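Reading through the structure tokens given below for one structure.
Taken together, the values in this text are just the output of simple stated rules run on the coordinates, not laboratory data. Remember, predicted model here, so these are calculated numbers, not experimental data. Neighbour counts are summed over all protein chains in view; Cβ atoms, including those assigned to glycine, are modelled from backbone coordinates with ideal geometry.
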Amino acid sequence: MPFDATREAVLMTVKGSDGPPSLAEAAEQLGLPVDELDPAFGVVMVSPRRGLYSVRVAASALGDGFDPEKGPYSDPKIAPMR
Amino acid sequence: MQIPVIMVLPSSVAMSAGVVEGGTFPQGLQLDPNYPMVPFGGNGPAITAAFGDETEREQHYVVRGFVEASLEDPPQMLDGHVVYADPEIAPFVTCGADAVGAASDVATLLQTDELLRRGMDGTNVGVVILDTGINLTHLESVLGYVPNFDSANSWTPPGVGWTAGDAPVDHGTMCAFDALIAAPSATLIDYPILSANAPTGGSVMSGFLSTALLAFAGIHGSWNSGVGSGDLSQYSGLVVSNSWGIFHPSWDFPAGHPGRYCDNPNHPFILQLETMSMGAIDVFFAAGNCGADCPDGRCQNRSVESIMGASASVDALSIAGCDINNERVGYSSQGPSIAGMYGMKPDFTAYTHFLGSQAFGVDVPDSGTSAACPVAAGCMAALRTHISPRTPATPYMMYSHFRQQATTPAGQSTGWNGDYGYGIINTVPIAVGFGH
């Protein structure tokens, strides 16, 4: 089943020592089916120095725990400062 | 206690001030020797009627002095003369809808003529506006010239129905106009992250932080591609202006959650800011519109620790707002920022609440720290004309110079404070410091 764009999503971080991992590799790192990762977002650079990348994941696919290496991290709404 | 008062006295009384004990000067009034007697209102019948003159058509004077009384129960009269309050006054904090000055005033305050004379006009510097999108036709009509625009390196969100540079006139167009005040020859690059509607079958990222994360990654990749032409690496400097943020922690994960954004230096977006600034990209954020005097309704009356998230990151500049009279605007968020982030934010203050872009109407000011942020970003773009970020003049060094050269507003002590940061933007000395 493809990623459902209407579901609430969060940000997760994954590692990539030689550049960004593929979406499938990112899903494997997180222990999730690749369909739970947003393909339109992809794997996004956070810090090459730290080998750190981010993916967008359906919140419903995750449990309650938090892993400092992975997240989840919030994806809050943002608005203009006017 | 002694309280200050004002009295309006006829000349026959006022002139006796020097011989109070023997004259008819109001008993109980201790004259302020530093305040001259001020002729007041002529000597017409209305004056004499109003102030109970003993001598018809006599000149009146305003005198200032002190009476022994409490503020709760001051005397109403002294020797038959009304006692008027002389309350402490302060400048009105700009909160309302009316503009204070115009973009030309801002240009004067920024000394853009001096920057231009030194060849600092933003030529070959890219200014990325991450906002709702830019409308070039509107900009041209207001500016009177066609601004430089890089459509090839701009981003058009899928499904919006318009192309880069042709966005509906809105907040992003205002920001673009304001960035050009100090850097009229800079090249605008449009990243309408706040207009990213959900495309059919695509991702819903409209107005979410993840859209900014995605945008920053694209900007960083293009800037550092090493290609040197065609992409963002062709520019001699790259300045990113962000007039957006979150208005209340309730928009975020609950307090104490380790994945929260607003107070978490380990959030991926905050970590990405370090990558941007270390990658020679100058990053500016609006401090926020939750100032104590007139916070935006979305702040939910929370005005303490209201500088949050990226606006409170040590890896970007956070810009407060003041009007052209150097008075902080009442909605400008005040530091220190939220606990957990770098406390001494905002970094400095730039101008806002002036007539400029007309993006919201002919008489509607460019307002919010939304306007102050691109005004400051434009100043950085001007400097980057001749001061490359790929030299030792890194973003961090330039951030430091902006803080050090900021002007202390009248009545404020030097150094950082929560209202103005390190002071009001002062760009020319930075150029001079680099030998320009």
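Observations on the model:
- Residue exposure sequence - B:Phe149, B:Phe66, B:Phe247 - by fewest surrounding Cβ within 10 Å: B:Phe66, B:Phe149, B:Phe247
- HN-Hα J in Hz across the stretch B:256-265 - Karplus 6.51, -1.76, 1.60, θ = phi - 60°, x for Gly and Pro: x, 6, x, x, 5, 8, 5, 10, 10, x
- Calculated P(r) tail over 23 Å for the stretch B:296-436, as whole % of Cα pairs: 35 percent
- Using a Förster distance of 41 Å, the FRET efficiency for B:Ile3-B:Val362 (Cβ separation, nearest 0.05): 0.30
- Label point 7 Å beyond Cα of A:Arg49 along Cβ direction - residues of the stretch B:243-270 with amide nitrogen under 17 Å: B:265-270
- Backbone HN-Hα couplings from phi across the stretch B:8-13 [Karplus 6.51/-1.76/1.60, Hz, Gly and Pro as x]: 10, 10, x, 4, 5, 8
- Mean projected area in nm² (Cα convex hull; one quarter of hull surface) for the stretch B:121-160: 3.6 nm²
- Size of charge dipole - the stretch A:9-61 - debye, nearest 20, with Cβ of Lys, Arg +1 and Asp, Glu -1, no other charges: 300 debye
- In the protein assembly as shown, the DSSP beta bridges split such that about 60 percent are antiparallel, to the nearest 5.
- Space enclosed by the convex hull of the alpha-carbon atoms of the stretch A:9-61, per residue, Å³: 61 Å³
- Neighbour-count ranking [beta-carbon atoms within 10 angstrom, fewest first] of B:Met276, B:Met77: B:Met77, B:Met276
- For the protein assembly as shown, the residue among B:Phe208, B:Ala85, B:Gly230 whose Cα projects farthest onto the positive side of the dipole built from Cβ charges is B:Gly230.
- Projection of the Cα convex hull of the stretch B:358-399, averaged over all directions and equal to a quarter of that hull's surface, yields 3.7 nm².
- For the stretch B:429-436, 3J(HN,Hα) per residue [Karplus equation, 6.51 cos²θ - 1.76 cosθ + 1.60, θ = phi - 60°, Hz, x = Gly/Pro]: x, 5, 4, 4, x, 9, x, 10
- Seen from B:Tyr422, the other residues with C-beta closer than 10 Å to its C-beta sum to a net charge of 0, counting Lys and Arg as +1 and Asp and Glu as -1.
- Sequence-separation-based contact order of the stretch B:315-435, relative, with Cα cut under 8 Å and 6+ spacing, percent: 30 percent
- When cysteine pairs in chain B are screened for C-beta atoms closer than 4.7 angstrom, the residues that find no partner are B:Cys175, B:Cys262, B:Cys322, B:Cys373, B:Cys379.
- Charge dipole (debye, nearest 20) of chain B; +1 at Cβ of Lys and Arg, -1 at Cβ of Asp and Glu: 1520 debye
- Between the stretch A:50-68 and the stretch A:21-47, the alpha-carbon center distance in angstrom: 9 Å
- The modelled label-to-label distance between B:Ala152 and B:Gln76, using points 7 Å beyond Cα along the C-beta direction, is 8.1 nm.
- Taking only Cα atoms of the protein assembly as shown, radius of gyration then Dmax in Å: 28.6, 101
- For chain B, projected area of the alpha-carbon convex hull averaged over all directions, nm²: 26.8 nm²
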